1. Provide a single number: the residues in segment 308-343 that are over 23 Å from Gly259 (Cα atoms) and either of a type in the set (D, E, K, R) or out of contact with any strand residue (DSSP E or B) (no Cβ under 9 Å at 6 or more places or on another chain) (or both).
2. Condition first: within 30 Å of Leu337 (Cα to Cα) and at pLDDT below 85. Now tell me which residues in segment 263-295 satisfy that.
3. Checking Met212 against (1) in a strand (DSSP E or B); (2) at pLDDT below 95; (3) in the same structural domain as Leu161 (by TED's automatic domain parsing), which test does it fail?
4. Among the residues of segment 23-52, which ones are more than 7 Å from the ligand (Cβ to nearest atom), in a helix (DSSP H, G or I) and not hydrophobic (A, V, I, L, M, F, W, C)?
5. Among the residues of segment 15-32, count how many are in contact with a helix residue (DSSP H, G or I) (Cβ under 8 Å, 6 or more places away or on another chain) and more than 17 Å from Asn72 (Cα to Cα).
6. How many of the residues in segment 12-22 are more than 19 Å from the chain's Cα centre (by Cα), crowded, with 16+ Cβ neighbours inside 10 Å and not in a strand (DSSP E or B)?
7. Is one or more of the residues making up segment 64-85 within 27 Å of Lys186 (Cβ to Cβ), free of Cβ contacts under 8 Å to residues at least 12 places away in the same chain and within 16 Å of the ligand (Cβ to nearest atom)?
8. I'm trying to understand the selection: among the residues of segment 58-86, which are small (Gly, Ala, Ser) and part of a loop (DSSP other than H, G, I, E, B)?
Amino acid sequence: MSASLSLVGVSHQFPGCPVPAVADVSFDLASGDILALLGPSGCGKTTLLRLIAGFEAPQGGQITIAGAPVSNHRLYVPPEKRSVGMVFQDFALFPHLTVAENLAFGLQRMGKAVVDERVQEAIALIGLQGYEQRYPHELSGGQQQRVALARALAPRPNLVLLDEPLSNLDVQVRVALRQEIREVLKATGTSAVFVTHDQEEAMAIADQVAVMRSGQLEQQGTPEDLYQEPTSRFVAEFVTQANFLAAQQRGQIWETELGNFSMERVQCVCNTLWLEDSHTALSGDLMIRQEDVVPVADETGDIVVRDRQFLGREYCYMLQTPSGQILRARTSSRTQLAIGNTVRLDLSHVTLRFFPDSATSPQPAEATSRM
Ligand SMILES: Nc1ncnc2c1ncn2[C@@H]1O[C@H](COP(=O)(O)OP(=O)(O)OP(=O)(O)O)[C@@H](O)[C@H]1O
């Protein structure tokens with residue numbers, strides 16, 4: 001499928017800032033796909049979105065939307081000529097215009113009959129029939145954001161950009177609306193880039209997730225790719241919120257505080273040649289997902305249940321190892337363990353992934369698997 005958006009080597013540094021806000025970012029977005037830009041505060045997500053929208057001009061690289069270059073070293077197409085719709089965190093509806101007038105705003109150059117038809121189409125898309133004559137202050141936050149999405153879609157843009165559109169809404173509205181946004185984008189076949197710092201939101205809404213760190217693209221893939229095969233410890237921590245256990249290589253074994261694991265059981269985010277190099281004993285961390293840690297009540301166990309959080313369908317247990325490390329375990333709410341009691345861990349079905357310490361890595365990491 002053709003790319004609706006393509007970035008090649010896009011970079012941007014604000015005047016007076018010692019480091020670039022966006023550094024050498026490249027990716028393609030297939031037509032009709034939703035991409036989530038995910039990363040911690042200050043990693044450059046909003047700046048990248050603004051570069052795509054045309055609110056900023058990059059100092060390097062090329063941006064192409066629906067096959068047409070919109071910015072490169074010779075060209076800068078202004079935002080209103082990029083066929084891009086925007087949805088902002090604060091909804092940004094015109095307060096003095098009704099819902100119908102807000103929806104019609106971007107359609108002013110079309111004939112009245114077309115505008116009326118598009119407005120009705122947009123209203124139906126977001127299920128707000130009967131609300132046409134209301135003003136924004138007469139709508140809930142979720143309804144305002146649905147109007148903002150419909151307004152962005154009404155001119156049928158090639159691309160919609162959403163900048164943290166759910167962050168001003170309370171949690172129940174957020175969860176319902178993220179599903180609705182996905183359905184509306186899919187129903188209209190619109191390609192979209194969605195900025196968020198919430199990994200759960202990114203995974204729920206997007207076909208592709210691009211994780212950013214310090215202005216750079218750390219990893220891009222489907223939500224499943226990122227969850228199952230993070231290629232750096234940063235992505236593993238940010239996306240999977242896994243546990244990390246210090247591990248030391250001893251021949252074909254990984255030694256840890258919770259016992260030894262044979263190398264066949266461990267995926268290694270490193271060059272497999274390092275593992276066979278008898279002169280280098282690697283050390284680093286084994287990633288263990290919270291749902292893979294299975295605590296079993298055992299009076300003779302040396303792991304202590306320090307705390308537990310009831311999350312509805314599941315518990316999150318905080319388990320303290322003899323060295324004092326806290327591991328998190330997610331279990332079904334049927335697994336009831338008392339705080340202060342001891343447990344042992346069943347790690348027999350665990351999927352482990354090894355991330356070497358940068359100090360002991362002979363060369364830059366390259367993802368390979370020993371599974
Ligand atoms: N107009 C500006 N002038 C100077 N520096 C800026 C400007 N806008 C952003 N920055 C800097 O660029 C970096 C990236 O900012 P950006 O807003 O893109 O991050 P972000 O990932 O969207 O963060 P957040 O999730 O907090 O919104 C930050 O260090 C920020 O301070």
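The values are calculated or read from the model by the stated rules, or taken from the named source; none is laboratory data. Quick caveat, the model's predicted, so the values are computed rather than measured. All Cβ positions, even for glycine, are placed from backbone atoms using ideal geometry, and neighbour counts span all protein chains on display.
1. 5
2. If we filter segment 263-295 for residues that are within 30 Å of Leu337 (Cα to Cα), which is where we start, we get 265-266, 285-295.
Arg265, Val266, listed by residue number.
3. Single failed check for Met212: (2).
4. Arg50
5. The initial filter retains those residues of segment 15-32 that are in contact with a helix residue (DSSP H, G or I) (Cβ under 8 Å, 6 or more places away or on another chain), namely 21-22, 25, 32.
Still in the list and also more than 17 Å from Asn72 (Cα to Cα): 21, 32.
Selection size over segment 15-32: 2.
6. To start, the set of residues in segment 12-22 that are more than 19 Å from the chain's Cα centre (by Cα) comprises 12-20.
Of the ones still in play, those that are also crowded, with 16+ Cβ neighbours inside 10 Å are 12-13, 20.
Cutting the leftovers down to not in a strand (DSSP E or B) gives us 13, 20.
Selection size over segment 12-22: 2.
7. No, that holds for no residue.
8. Let us first name the residues in segment 58-86 that are small (Gly, Ala, Ser), namely 60-61, 66-68, 71, 83, 85.
Ala66, Gly67, Ser83 - these are the residues of segment 58-86 that are small (Gly, Ala, Ser) and part of a loop (DSSP other than H, G, I, E, B).
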